[in-house]
Amino acid sequence: MRMMTAACFAAATMLISHPESASAGAWCAWYDAYTYNCGFRTLEQCRATVFGDSGAYCAPNPANAYGEPRSRAKTYPGR
């Protein structure tokens with residue numbers, strides 16, 4: 001019984017862990033529309049990973065390195 005309680009506590013602790021521990025990088029390697037890896041801090045890291053794959057490319061992470069959506073450009077009416 002104690003082993004089961006300890007196992008449940010350990011599982012709950014892992015599930016509640018902070019998302020900062022696995023933050024995404026600033027660059028994403030896109031292999032196709034559904035396959036990507038956003039774990040690169042620099043463009044050079046990303047390019048080294050996709051080197052040799054003719055369909056892959058690197059692009060900025062759409063959710064920034066901090067997981068926040070990018071701000072949209074301000075548009076002003078009448079301009």
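Bear in mind that the values in this text are calculations on the coordinates, not laboratory data. What you see is a predicted model; the values in this text were computed from it and never measured. Here Cβ is always computed from backbone atoms with ideal geometry, including for glycine, and neighbour counts include all displayed protein chains.
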remark   = Log entry, pairs with first residue in the range 49-65 being in contact (Cβ under 8 Å) with a residue 12 or more places away in the chain, second being in a helix (DSSP H, G or I) and charged (D, E, K, R), beta carbons closer than 9 Å, six or more apart or on different chains, reads Cys58/Arg47
ask   = Taking only pairs six or more apart or across chains, which ones have beta-carbon atoms under 6 Å, a first residue in the range 29-44 that is over 11 Å from Ala56 (Cα atoms), and a second residue that is among the aromatic types (Phe, Trp, Tyr) and assigned to a strand (DSSP E or B)?
value = Phe40/Trp27; Leu43/Trp27
ask   = Counting only residues that are small (Gly, Ala, Ser) and not in a helix (DSSP H, G or I), which one in the range 28-49 is nearest to the chain's Cα centre (by Cα)?
value = Gly39
